[in-house]
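> Here's a structure for you.
The values are calculated or read from the model by the stated rules, or taken from the named source; none is laboratory data. Predicted model, so just to flag it, every value in this text is computed and none were measured. Here the Cβ positions follow ideal geometry from the backbone for every residue, glycine too, while neighbour counts run over all protein chains shown. All accessible areas refer to the heavy atoms of the entire protein, side chains included, with ligands and DNA or RNA removed. Shrake-Rupley method; radii C 1.70, N 1.55, O 1.52, S 1.80 Å.
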Amino acid sequence: MKRRVATLLLVLGAILGIATPALADGAQSGADIHVAQSLGGRDLTVIIRRVAEVPGPVHVDVVTHAGTPAGELTLTLRAAGAASSTTKVVLGATPGFHPGQLHVDRPGPWELAVDEATIPFVVPALVPSPWENATYGGFIAAGVLLLAALLFAVFGKVGLALVPTAGMVTAIAVGVTAALLSPSIPPVAAPGTELDPTYDNVMNPYERTSIMDFSRPPVNLVPRMEDRDLVLSLTDGSSGRPVDDLLVHDNAFVHLVVVSPSGHLRHLHPVRTAPGEFRARLTDPEQGTHAVAAEIARRGGGVQLLRSSVEVSGAAQAVQHDGKAETVLEIREAGRPSTITAKFGERDLQPWLGMLGHMIVVGPVTGTAVNAPIWAHVHSMIPPVPGMPDKPDESVAAYGPDVPFTYSFPLPGRYLVWIQVERDYSVVTVPKIVDVPAGQVVSK
């Protein structure tokens, strides 16, 4: 009898020992937040690393790019309007990663201030997932029922021992099923991405108690110049209230494209300075009317492209983009897919804004870009590379040399095209002019 009991205990230990490593999928499966910021004269990427425990540390990396002046940034974490943690990050003359560490003491809405820029984000409570509870609960119940069956067997009540034995088999089946299926179950959306962040879904993202309208009105964009800063005012098209529910979309809150009267491109990422207000520095702008296009993603409203123009008073001449690459154009008639491939010669390109390359398309142009009917932001995706992470950051310089784009120009005419990649922590911009022929008219 003792040998039988020992054998059963060994079997239970083996089951529990095998099952434990499978419990790797839970509510904590979040991701880092990458936010591009055009902060004054600095072009930065702020990375808020995933919070592993609450209370606990928040690791922040500030990535600088070529030409960013050295200096010091103040990072401040705020919850409910009160500052709770502050640190300094010293930016050297060499571009790259500059780490800082702050501290959170509770789950909920937080705000990271980088000097005058503010980045809202949500720290969810760390709770086990339902399938994790099912796995643990199944094996714990199996252990308890096994002990009950052993006790009945030891005291000679073999018939009664069959009842907990059957329950043990069922509990093991539940635990094994949950453990095997958990890796294939999509992680729950973080609070503030699909639903408004509320107390309920922040404390338990698996409690889908917050209901919202997934058809929010379009956003109104009103740009204005304040000294050298282009200030964007975003308001709700229905209520007129400031829009403060923008999501990080392709590593930025706002992708701002400004085209000068002479056709010079600025691809900026304005910083949030107040609810519904974003601003970016226009260094040495030229005089005249500048075309403005802002790409945003609103919670419950999807991706929107907002267009406007702004008068700029300046006397500087536009600095021409000096990026060079061999380009192969396979331009087909309007309405059919065309391919543009930029060849940069070396496999040393870095991901920028989560992509291998970006292509800005404006046209057809007959004068300036202000009246161009078509604006597009096209991506070249990061190809899978053996030995490289699935979602590399800017520290990985191992991509290229070819950067392909596919786009269907909807109208015939002349288009202004800019191809952008990152190399040596510097954004390389290659301008092109593309003439798109009209499609053949088939007579009937």
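> Between Leu180 and Ser308, what length comes free when the chain is fully extended (0.36 nm per residue of separation minus the Cα-Cα distance, one decimal in nm)? Before the final figure, lay out each step's value.
On the way: separation 128, 0.36 × 128 = 46.08 nm, distance 5.23 nm.
So the chain would gain 40.8 nm between Leu180 and Ser308.
> Relative contact order (percent) for the stretch 219-312, with alpha-carbon contacts under 8 angstrom and 6 or more residues of separation?
On the way: 202 pairs, mean separation 29.0, N = 94.
The normalised contact order for the stretch 219-312 reaches 31 percent.
> Taking +1 at the Cβ of each Lys and Arg and -1 at the Cβ of each Asp and Glu, which of His264, Ala294, Thr283 sits farthest along the dipole of the stretch 219-312 towards its positive end, judged by Cα position relative to the Cα centre?
Most positive-ward Cα: Ala294.
> If you don't mind, another one. Remind me, relative contact order of the chain in percent, using alpha carbon pairs under 8 angstrom and six or more residues apart?
Values: 995 pairs, mean separation 50.5, N = 444.
Rounded, it is 11 percent for the chain.
> If each of Glu277 and Thr170 carries a label point 7 Å out from its Cα toward its Cβ, how far apart are those two points in nm?
6.3 nm
> Summarise the long-distance tail of P(r) for the stretch 219-312 by giving the % of C-alpha pairs beyond 23 Å. Please report the intermediate quantities before stating the final value.
On the way: 820 of 4371 pairs.
It works out to 19 percent of all Cα pairs.
> A further question on this structure: From the backbone phi of the stretch 182-196, what are the Karplus-calculated ³J(HN,Hα) couplings (6.51 cos²θ - 1.76 cosθ + 1.60, θ = phi - 60°) in whole Hz, Gly and Pro given as x?
Ordered by residue, 3J(HN,Hα) equals 4, x, 8, 7, x, x, 5, 5, 5, x, x, 9, 9, 10, 4 Hz.
> Another one. To the nearest µm²/s, what D does Stokes-Einstein give for the stretch 326-436 at 10 °C and 1.306 mPa s, using the Kirkwood radius over alpha carbon pairs as Rh? Show your work: numbers first, answer last.
Details: Rh = 14.6 Å.
Roughly 109 µm²/s, to the nearest whole number.
> Here is a further query. Just to confirm the number: angle between the C-alpha axis of helix 158-181 and the first principal axis of the chain, 0 to 90 degrees, nearest 10?
On a 0 to 90 degree scale, this one is about 10.
> Under 11 Å from the 7 Å Cα→Cβ point of Thr118, by amide nitrogen: which residues of the stretch 49-81?
Under cut-off, by backbone N: 78-81.
> For Thr64, Thr94, Thr327, write out the residues from largest to smallest accessible area, computed with a 1.4 angstrom probe and no ligands counted.
Details: Thr64 0, Thr94 105, Thr327 30 Å².
Sorted by accessible area, descending: Thr94, Thr327, Thr64.
> Kindly report, to the nearest 10 Å², the accessible surface of Glu72 as traced by a 1.4 Å probe over protein heavy atoms only.
100 Å²
> So, for the chain, what is the accessible surface per residue at a probe of 1.4 Å, expressed in square angstrom? Intermediate values should be presented prior to the final figure.
On the way: 21670 Å² over 444 residues.
Per residue, the chain has an accessible area of 49 Å².
> Considering amide H positions built from the backbone, and no H for Pro or chain starts, which residues 5 or more places from Arg423, or on another chain, come under 5 Å of its amide H?
Result for Arg423 returns Gln350, Val428.
> Could you tally the net charge around Lys343, taking each other residue with its Cβ under 14 Å from the Cβ of Lys343, Lys/Arg +1 and Asp/Glu -1? If you can, show how the numbers build up before the last one.
Numbers: positive: Lys324, Arg347, Arg423, Lys432; negative: Glu326, Glu330, Glu346, Asp348, Asp402.
That sum, taken over residues with Cβ under 14 Å, equals -1.
> Also, I was wondering about something else. Roughly how big is the chain's charge dipole about its Cα centre, with Cβ charges of +1 (Lys, Arg) and -1 (Asp, Glu), in debye to the nearest 20?
Working: 32 positive and 41 negative charges, 270 e Å.
In total the dipole reaches around 1300 debye.
> Could you look at the stretch 33-123 and say what percent of its accessible area is carbon and sulfur, using a 1.4 Å probe and all protein chains?
Working: 1850 of 3550 Å².
Its accessible area is 52 percent carbon and sulfur atoms.
> Just to check I understand the Karplus step: with θ = phi - 60° and J = 6.51 cos²θ - 1.76 cosθ + 1.60, what whole-Hz values come out for the stretch 120-131, glycine and proline as x?
Couplings: x, 7, 10, 9, x, 5, 8, 10, x, 7, x, 6 Hz.
> How large is the accessible surface of Met355 in square angstrom, using a 1.4 angstrom probe and rounding to the nearest 10?
Using a 1.4 Å probe on the heavy atoms, I get roughly 20 Å².
> Right, something else. Figure the gain on full extension for His379 and Arg332 (residue separation times 0.36 nm, minus the Cα-Cα span) and round it to one decimal in nm. Numbers along the way, then the final one.
Details: separation 47, 0.36 × 47 = 16.92 nm, distance 1.90 nm.
Using 0.36 nm per residue and subtracting the Cα-Cα distance, I get 15.0 nm.
> Here's something else I'd like to know. Run the numbers for Glu194 and Thr289: contour at 0.36 nm per residue of separation, minus the present Cα-Cα distance, in nm.
Working: separation 95, 0.36 × 95 = 34.20 nm, distance 3.73 nm.
That works out to 30.5 nm of additional length.
> Also, quick follow-up: Can you find, among Gly387, Pro164, Ser38, the residue farthest towards the positive end of the dipole of the chain? Put +1 on the C-beta of Lys and Arg, -1 on that of Asp and Glu.
Value: Pro164.
> Using a simple spin-label model with points 7 Å from Cα along the Cα→Cβ vector, what separation in nm is obtained for Ala125 and Tyr206?
So the two model labels end up 1.3 nm from each other.
> Under a plain spin-label model, where a point goes 7 Å from the Cα along Cα-to-Cβ, how far apart in nm are Ala80 and Ala316?
Each label point lies 7 Å from its Cα, and together they span 4.5 nm.
> If I compute solvent accessible area with a 1.4 Å probe over the protein chains, what percent of it on the stretch 326-436 is carbon and sulfur?
Roughly 51 percent of what the probe reaches on the stretch 326-436 is carbon or sulfur.
> Once the principal axes of the Cα atoms of the stretch 33-123 are found, what is the range along each, listed largest first in whole angstroms?
Sorted largest first, the three principal extents are 38, 23, 19 Å.
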